[in-house]
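Here the structure comes first, spelled out in structure tokens, and everything after it is commentary.
The values are calculated or read from the model by the stated rules, or taken from the named source; none is laboratory data. Keep in mind that this is a model prediction, so the values were computed, not measured. Glycine gets a Cβ as well: all are built from the backbone with ideal geometry, and neighbour counts include every protein chain shown.
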Amino acid sequence: MEETYTIQRLAKEFRVTSRTLRFYESKDLLHPTRVGMNRVFSHRDRGRLILILRGKRLGFSLAEIKEMLDLYDLGDGQVEQLRVTLDKARRRIVELDSQRNDIDAAVVELQDGCRQIERLLAEKGVDAKEAAE
């Protein structure tokens, strides 16, 4: 018999709230069964949750994550799922590289600005460290 999980058990294991799990269910990302009023999550749901959380951490939208997960059941040995996931991952890398470049440029600009402000304060006889306090 397959191991099942309660909403509390999954929430605790993955450090998310029960509300988060219910939200993922409402977005058709998780598909627990019901036993009375209780949600019962399968091993498959647990695996999907791992992938959902990984996808979120990597910056994918829930719609993108759902698209990738739903391709699992096409019956093509996951070929299309792997192709789509690879394409999305490559695009995400491009986005992250661009963001990194933007961040690097912002850091350089801020450092230059700080040096200019420190110089102006020094010209006014104010120690930049004292001014920051």
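Just one of the listed residues (Leu29, Leu69, Leu49) is within 26 Å of Leu96 (Cα to Cα) and in contact with a strand residue (DSSP E or B) (Cβ under 9 Å, 6 or more places away or on another chain), namely Leu49. Scanning region 24-61 for residues that are among the acidic types (Asp, Glu) and either surrounded by 12 or more Cβ atoms within 10 Å (Cβ to Cβ) or within 13 Å of the chain's Cα centre (by Cα) (or both) gives Glu25, Asp45. Within region 10-23, restricting attention to residues that are without any contact (Cβ under 8 Å) to a residue 12 or more places away in the chain and more than 14 Å from Gly47 (Cα to Cα), the residue that is surrounded by the fewest Cβ atoms within 10 Å (Cβ to Cβ) is Arg15. Being modelled with pLDDT of 95 or more, within 30 Å of Val16 (Cβ to Cβ) and among the polar types (S, T, N, Q) is a condition met by no residue of region 105-118. Condition test on Val107, is it outside any helix (DSSP H, G or I) and of a type outside the set (Gly, Ala, Ser)? So Val107 fails the test.
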